[in-house]
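Worksheet: the structure to be examined is printed underneath.
Read the figures in this text as sums done on the coordinates, not as results from a lab. Nothing here was measured: the structure is a model prediction, and the numbers come from that model. Note that we place each Cβ from the backbone using ideal geometry, even for glycine, and neighbour counts take in every protein chain shown.
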Amino acid sequence: MAESRTSGRVLVCRVEDLPDGEAVRVPAEEAGTEDAVAVFNDGGRLFALNDTCTHARASLSDGWVQDGHVECPLHGGAFCLRTGEAVGAPASADATTHGVEVHEGAIYLLPRP
């Protein structure tokens, strides 16, 4: 969970607290965005997308992460973690991406305005 906001960065968690294949949800109020943001670990690569599935308002942070994609837990729509592109029906609208960086063992979200 996000802990603080500094210089447009939002502290999400320590690297070791986000296992491979998992996600952390950062509430919209903490991210400073309209939607909550999900930060994903896919094989040690970190990605961030708006948390709400563009198809049916489900939380992508509760979805399945594998091979650069997240699958929505509600209807199985899939999104590319790198680009946010909707790559699996029934999702057809892309998800918004956000930046992520690691500094001194901590994961930071760089939310889009």
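How big is the Cα convex hull of the chain in projection, averaged over all directions, in nm²?
Details: hull surface 24.1 nm².
Computing the convex hull of the Cα atoms and averaging its projections yields 6.0 nm².
In nanometres, what is the gap between the two model label sites at Glu29 and Ala56, each 7 Å from Cα along Cα-to-Cβ?
2.9
How far apart, in nanometres, would the label points at Glu85 and Glu16 be if each is projected 7 angstrom from Cα along the Cα-to-Cβ direction?
3.8
Over the chain, what relative contact order in percent results from Cα pairs under 8 Å that are six or more residues apart?
Details: 284 pairs, mean separation 27.9, N = 113.
Value for the chain: 25 percent.
Please give the direction-averaged projected area of the C-alpha convex hull for the range 54-113, in square nanometres with one decimal. Can you show the working numbers first?
Working: hull surface 18.3 nm².
Hull-based average projected area comes out at 4.6 nm².
Please pull out the direction-averaged projected area of the range 35-89, using the convex hull of its alpha-carbon atoms, in nm² to one decimal place. Walk me through the numbers on the way to the answer.
On the way: hull surface 12.5 nm².
Projected over every direction and averaged, the Cα hull of the range 35-89 covers 3.1 nm².
Name all residues of the range 8-50 having a backbone nitrogen under 14 Å from the label point set 7 Å from the Cα of His75 along its Cα→Cβ direction, giving them as ranges.
none
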